[in-house]
Amino acid sequence: MGLFLLWLLFGIGIVIQGVYLLVIFGRTAWFKSSSKSHSSENSPEGVTVLVAAHNEFQNLKTLIPKLFEQDYPKYDVMIVNDRSTDRTKRLLEEMMEKYPRLRSVTVKYTPNHVTAKKFALTLGIKVAKNDVILLTDADCIPSSDQWIRKMTAPVREEGKTFSIGFSGYQEKSGILNRWIQFETLLTALFYLSFGLWKAPFMGVGRNLCYRKSFFMEAKAFKGFWHLEGGDDDLFVNTYATGKNTGMVIDPEATTTSIPKETWKEYLVQKKRHLHAGKYYRGEDKQKIGLYSLSHALFWIGGIGLLFYFGFGKQWEHFLAVCGIIVLRSLLIWSIFRSASVKTQGNAVSSNAPVNDFFYLVYFWVLGTVSHQAKDIKWK
């Protein structure tokens, strides 16, 4: 009975994982871009690049000049100075003299009934000059001077309400950075692949575009003002559909952020991100939950069978299970490598097969802690 149960768990895990890896994640890993070129007319629709910043002096000093290197004829940049106590205000005053299309609005306090970042973003969107809003964070850098043109194309040219892109992290040495690369790409495989399957359920605020008119019509973040986080994924989860959302998979349309340097900082960040997940629609929770459950079944069943056949010296069965695990690891490696090239232009080192095993602990432990957490904060 015990052997049958192990085979059952292992078999269910193999089948469901195969569907996710080949059918769903394969949409991103083996994505073929459309031959349609984006319009390059001299008078396209205007775009406002929006950044909410709290004590981001150093990052803004780097970001603002980069934003004004964009090859797009009609755009401005709005920086929301959210209660900063560093030199952000002085920097913005100096930068606005240098860059006429740079604008700023200051948040002096946050009302008690709303969370800081949502209030800052709402204020910035309300005063934005253009209807097309392109969001990023202060610690992000566009991957090319085509970022605005390509990220906003589905909204400007195809009549979409949302445009969702990839945002990665700088590649550095060390175990933490390789884990960050792995987890970031796995998350992207979820939201990009389901988006390509006309079932979008999240996006990242580091690289997200939507219309101001829709935002105002939806009454901003109505229903989750009180939640830390969710200004990106919950907003998309609530309103994005297969018809009104476009996915942008292009190395020139990404942004790159500064990764956390310590495990403590990283876990605090991820706890905030995962906490928002419990407010997703039921069917969207199932998309992630079914993958994670089948992932656990695969590893629990597989390891159990290895111990059973190893102790019983049934080497043919032992090698058969090993072979299946190795084949899946090779598939994981191939998908992550290909998806990295599609989204970032190069194969970022992530130790995908190894980190795939440790994801078992990461998801179930940190996910449970994040689900129950009450001390979530932005800054």
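Return His226, His113 ranked ascending by Cβ neighbour count within 10 Å, so the fewest neighbours appear first.
Numbers: His226 12, His113 8.
With the sparsest Cβ surroundings first, the list reads His113, His226.
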Q. What number comes out for the charge environment of Val77, summing +1 per Lys or Arg and -1 per Asp or Glu over other residues with Cβ under 11 Å away?
A. +3
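Determine the sum of side-chain charges near Ala320: Lys and Arg each +1, Asp and Glu each -1, restricted to other residues whose C-beta is under 15 angstrom from that of Ala320.
+1
Starting with the fewest neighbours, write out Ile335, Ile288 ranked by other beta-carbon atoms found within 10 Å of each beta-carbon.
Details: Ile335 22, Ile288 19.
Listing Ile335, Ile288 from fewest to most nearby Cβ atoms yields Ile288, Ile335.
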Q) Angle between the Cα long axis of helix 147-157 and the longest principal axis of the chain, 0 to 90 degrees, nearest 10? A) 90
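Please say if the stretch 89-161 is rounded, prolate or oblate, where rounded means a/c under 1.5 for a ≥ b ≥ c the square roots of the C-alpha gyration tensor eigenvalues, and otherwise the choice is prolate for a/b larger than b/c and oblate otherwise? Intermediate results must be reported in sequence, preceding the final value.
Details: a/c = 2.02, a/b = 1.27, b/c = 1.59.
Here the stretch 89-161 falls in the oblate category.
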Q) When the Debye formula is applied to the Cα atoms of the chain, each taken as the same point scatterer, what base-10 log of I(q)/I(0) results at q = 0.07, 0.13, 0.15 Å⁻¹? A) -0.33, -1.07, -1.39
**Q.** Computed E for Arg87/Phe307 - FRET, C-beta separation, R0 41 angstrom, nearest 0.05
**A.** 0.10
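Taking Cα pairs under 8 Å and at least six residues apart, what relative contact order does the chain come out at, in percent?
On the way: 628 pairs, mean separation 88.4, N = 379.
23 percent.
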Q. Roughly what angle does helix 88-98 make with the longest principal axis of the chain, taking Cα atoms, 0 to 90 degrees, to the nearest 10?
A. 60
Q: Rounded to whole Hz and in sequence order, give me ³J(HN,Hα) for the stretch 205-218 from the Karplus expression 6.51 cos²θ - 1.76 cosθ + 1.60, θ = phi - 60°, writing x for Gly and Pro.
A: x, 6, 7, 9, 10, 7, 8, 4, 4, 5, 4, 6, 5, 7
Q | Calculated from backbone phi, Karplus (6.51, -1.76, 1.60) coupling profile of the stretch 111-125 in Hz, x at Gly/Pro | A | x, 5, 8, 10, 8, 4, 5, 4, 5, 4, 5, 4, 4, x, 5
(Q) Taking the square root of 5 times each eigenvalue of the Cα gyration tensor, what semi-axes in Å does the equivalent ellipsoid of the stretch 244-318 have, largest first? (A) 37, 19, 17
Q: Would you grab the residues whose amide H sits under 5 Å from the one on Val47? Only those 5+ places off in sequence or on another chain, please, with H modelled 1.01 Å from N.
A: Tyr75, Asp76
Q.
If you average the C-alpha positions of the stretch 100-176 and of the stretch 237-272 separately, how far apart do those two centres end up, in angstrom?
A. 11
**Q.** Over the chain: helical MRE at 222 nm, DSSP H runs n ≥ 4 each giving -39500 (n - 2.57), nearest 500
**A.** -16000 deg cm²/dmol
Q) Once the Cα atoms of the stretch 8-110 are picked out, what are the Rg and Dmax in Å? A) 22.0, 67
Q: Note the angle between two axes, namely the Cα long axis of helix 263-276 and the longest principal axis of the Cα atoms of the chain, as a number of degrees from 0 to 90, rounded to the nearest 10.
A: 80
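Could you put Met96, Met247, Met78 in order, starting from the residue whose Cβ has the fewest other Cβ atoms within 10 Å? All intermediate terms of the calculation are to be shown ahead of the outcome.
Details: Met96 16, Met247 25, Met78 22.
If I rank by nearby Cβ atoms, fewest first, I get Met96, Met78, Met247.
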Q.
At R0 = 22 Å, how high is the FRET efficiency between Leu327 and Leu5 if r is their beta carbon distance? Nearest 0.05 is fine.
A. 0.45
Q: Identify, among Ser167, Thr106, Phe194, the residue whose Cα sits farthest towards the positive end of the charge dipole of the stretch 32-268, taking +1 on the Cβ of Lys and Arg and -1 on the Cβ of Asp and Glu, with the dipole about the Cα centre.
A: Thr106
Q.
Only Cα pairs within less than 10 Å get springs; with that Gaussian network setup on the chain, which residue of Thr255, Thr62, Thr122 has the largest fluctuation?
A. Thr62
(Q) Explain nothing, just compute: Karplus ³J(HN,Hα) = 6.51 cos²θ - 1.76 cosθ + 1.60, θ = phi - 60°, for every residue of the stretch 329-340 in order, whole Hz, x for Gly and Pro. (A) 4, 5, 5, 4, 4, 5, 5, 5, 5, 5, 5, 5
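For the stretch 246-330, which GluC sites (Glu not before Pro) are in a loop by DSSP, counting at most 16 other Cβ atoms within 10 Å? Could you put the intermediate results ahead of the total?
On the way: sites: Glu252, Glu261, Glu265, Glu283, Glu316; in loops: Glu261.
Sites meeting the loop and neighbour criteria: Glu261.
Throughout, read-outs are computed from the coordinates displayed, never taken from laboratory work. Predicted model only: the values in this text are computed from it and were never measured. Don't worry about glycine lacking a Cβ; one is built from the backbone with ideal geometry, like all the others, and counts go over all protein chains shown.
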